[in-house]
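The next block holds one structure in the form of structure tokens; read it before the comments.
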Amino acid sequence: MHHRSLKHFPPGFFWGGSTSAYQVEGAWNEDGKGPSVIDMGTRVPNTADFKVTSDHYHHVDEDVALFAELGLKAYRFSIAWTRIIPDGDGEINEKGIAFYNRLIDALIAHNIEPIVTMYHFDLPHALALKGGWYNRDTIDAFERYARVIFQAFGDRVRYWLTINEQNMMILHGDALGTTNSVDTHNPYKSIYQQNHHMLVAQAKAMILCHELLPNAKIGPAPNIVSVYPATSKPEDIIAADNFAAIRNWLYLDMAVYGRYNTIAWNFMQELDCTPVIEPGDMTILKHANPDFVAFNYYSSATVQASVSGEDARNSTGDQQIVVGESGVYRGTSNPNLEKNEFGWEIDPVGFRSTLRQIYDRYQLPLIVTENGLGAFDKLEADDTVQDPYRIAYLKAHIEQMQLAITDGVEVFGYCPWSAIDLVSTHQGCAKRYGFIYVNRDESDLKDLRRIRKQSFFWYQNLIRTNGADLVESGD
Ligand code: BGP
């Protein structure tokens, strides 16, 4: 759609930056923190583990001062459940509460809005030993944890995100190390049972948040992308509909409308993996009303029809690279798009289309909680990092976001991944995303020095002008 003029970013727009606890904090076993499934998971050989990461736990004041210098209006981070309740459902660890008090207070002192993810992949290991999300008791543990953090931080935190990328944990649990199949005969059965329990836990947290903190806002935070058919063949269109339902709408239809998406439900029926729904679950799911939809976007997805009986899962994918499902959809690459160094397709226009689709479907304000480019940045001899490729990626996506806003989509924030370098979920720390370089490599912690990248100054200027300098401040 052509527009005669573009709408400005709204006043007070949350230009932000994102991280997650296990990828940035380090201090994995300090001050009473319990182990999470991430701490106990297996690592890809020769990549960094999550013990120290960017050592944000010990650099919190310095990092927040840098975020303030960058000009961030919001900082989206996650609370490590195991810092607050080390074994997931037992004693509360006051030192964990003290750490987040310190972080939140520092952010507020710098006029940076804290946006808190309650749970970002790092389920307490002690709960995993009891069956993890397969065990219904984990719902109660999550609700109790939610109460603890709402009570501890709710006087200052106004924006809450429930579960980061639940859809990726379900679709790529193996890659993320977060879902263990309990039923080996039909792994889908246990995976979609875990999914159901997470959905109920999320609903309970949203209801509780509204009860305890009437002025706070809360929403889900899945990874949502436009799904394209590989061709205009009607069978490919159906495949795209299938994947969009299974990947996207299953999660948001439940979060917003409290109902299972029809196509996704039928997919589960075909695979004999519909979850057991206890009496009362659907009432809880219906009564949970998010105030906004948060979502992460890195790339679009393209699929084609899959013939029933074929092995559609014949390629290895990570959380962005689509694989397939026999008779349902088959992932393929999009010849119109370039790829980043890790094989992820780059699609800024798909970002606009994703924003439009979500808003059209749910009519709730949107916030982008992750978007960014992983790359092998290089620290130059003069202590600078030149990352024009990152600026180009972010600029192209922000331009498309502005077009979406002009299309009428209500967007109130954009928090690129990542505010500062951190350890990638499964590709170590050589895959960098931050505006701030952290001087370490996979095995050598060096001095963990913080260095402002070229993109830091670019984003600083963009924020200063509330996005008006998008064109002028380009690379
Ligand atoms: C999202 C996760 C983040 C982060 C990001 C980049 O799926 O929410 O935790 O890891 O992807 O992915 P990666 O680190 O694999 O490059």
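The values are calculated or read from the model by the stated rules, or taken from the named source; none is laboratory data. Since the model is a prediction, treat every value here as computed from it, not as a measurement. All Cβ positions, glycine included, derive from the backbone under ideal geometry; neighbour counts span all protein chains shown. Please note that ligands, DNA and RNA were not included when accessible areas were found on the heavy atoms of the full protein model with its side chains. Shrake-Rupley method; radii C 1.70, N 1.55, O 1.52, S 1.80 Å.
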Exercise. Checking Pro229 against (1) in contact with a Cys (Cβ under 8 Å, 6 or more places away or on another chain); (2) open to solvent by 10 Å² or more (accessible area, probe 1.4 Å), which test does it fail?
Worked result: (1)
Exercise. Do you know which residues across the stretch 181-240 are out of contact with any Gly (no Cβ under 8 Å at 6 or more places or on another chain), in a strand (DSSP E or B) and within 23 Å of Gly331 (Cα to Cα)?
Worked result: Asn223, Val227, Pro229
For this session: Name, by its number, the condition in (1) open to solvent by less than 10 Å² (accessible area, probe 1.4 Å); (2) touching a helix residue (DSSP H, G or I) at 6+ places or on another chain (Cβ under 7 Å); (3) of a type outside the set (Asp, Glu) that does not hold for Ala221.
Result: (2)
Problem set entry | Output for the stretch 341-364, where each listed residue is modelled with pLDDT of 95 or more and under 17 Å from the mean Cα position of the chain (by Cα) | Phe351, Thr354, Leu355, Ile358
For this session: Pairs only if they're at least six apart or on different chains, beta carbon under 7 angstrom, first in the stretch 120-147 and farther than 12 Å from Ile85 by Cβ and of a type in the set (Phe, Trp, Tyr), second in a helix (DSSP H, G or I) and within 16 Å of the ligand (Cβ to nearest atom); list them, first residue then second.
Result: Phe121/Tyr22; Phe121/Ile38; Phe121/Met169; Phe121/Leu176; Trp133/Met198
Exercise. Does the stretch 327-334 contain at least one residue that is touching a helix residue (DSSP H, G or I) at 6+ places or on another chain (Cβ under 8 Å) and under 20 Å from Ala396 (Cα atoms)?
Worked result: no
Seminar exercise, completed: Checked against (1) in contact with a Phe, Trp or Tyr (Cβ under 9 Å, 6 or more places away or on another chain); (2) β-branched (Val, Ile, Thr); (3) farther than 21 Å from Phe456 by Cα, Val349 satisfies every condition except (1)
Exercise. Quick one: which of Ala141, Ala216, Ala146, Ala152 is under 26 Å from Tyr359 (Cβ atoms) and either surrounded by fewer than 21 Cβ atoms within 10 Å (Cβ to Cβ) or small (Gly, Ala, Ser) (or both)?
Worked result: Ala216
For this session: Kindly list, by first and then second residue, each pair from a residue in the stretch 333-349 that is without any contact (Cβ under 8 Å) to a residue 24 or more places away in the chain to a residue that is in a strand (DSSP E or B), limited to pairs with Cβ atoms under 8 Å and residues at least 6 apart or on different chains.
Result: Glu338/Glu345; Glu338/Ile346; Lys339/Glu345; Lys339/Ile346
For this session: Evaluate the following for Leu271: is it at pLDDT below 95 and touching a helix residue (DSSP H, G or I) at 6+ places or on another chain (Cβ under 6 Å)?
Result: yes
Seminar exercise, completed: Counting only residues in the stretch 321-340 that are within 16 Å of the ligand (Cβ to nearest atom) and in a loop (DSSP other than H, G, I, E, B), the one most open to solvent (accessible area, probe 1.4 Å) is identified as Ile321
Seminar exercise, completed: Within the stretch 414-431, residues open to solvent by less than 10 Å² (accessible area, probe 1.4 Å) and of a type in the set (A, V, I, L, M) come out as Ala419, Ile420, Leu422, Val423
Seminar exercise, completed: Within the stretch 284-320, residues modelled with pLDDT of 95 or more and open to solvent by 80 Å² or more (accessible area, probe 1.4 Å) come out as Lys286, His287, Asn289
Seminar exercise, completed: Just one listed residue, out of His120, His125, is open to solvent by 10 Å² or more (accessible area, probe 1.4 Å) and within 17 Å of Tyr22 (Cα to Cα), and it is His125
Exercise. Can you name the number of the only condition in (1) more than 23 Å from the chain's Cα centre (by Cα); (2) surrounded by fewer than 18 Cβ atoms within 10 Å (Cβ to Cβ); (3) more than 26 Å from Val293 (Cα to Cα) that Arg440 fails?
Worked result: (2)
Exercise. Mind checking whether some residue in the stretch 342-351 is out of contact with any strand residue (DSSP E or B) (no Cβ under 7 Å at 6 or more places or on another chain), open to solvent by 20 Å² or more (accessible area, probe 1.4 Å) and within 13 Å of the ligand (Cβ to nearest atom)?
Worked result: yes
Seminar exercise, completed: Taking the stretch 49-64 and keeping residues under 16 Å from Gly96 (Cα atoms), aromatic (Phe, Trp, Tyr) and part of a loop (DSSP other than H, G, I, E, B) leaves none
For this session: Out of the residues in the stretch 353-402 that are of a type in the set (Gly, Ala, Ser) and open to solvent by 10 Å² or more (accessible area, probe 1.4 Å), state the one that is farthest from the ligand (Cβ to nearest atom).
Result: Ala381
Problem set entry | Flag for Phe67 being part of a helix (DSSP H, G or I) and crowded, with 19+ Cβ neighbours inside 10 Å | yes
Problem set entry | Count of residues meeting criterion [within 22 Å of Asn371 (Cβ to Cβ) and within 16 Å of the ligand (Cβ to nearest atom)] in the stretch 438-454 | 1
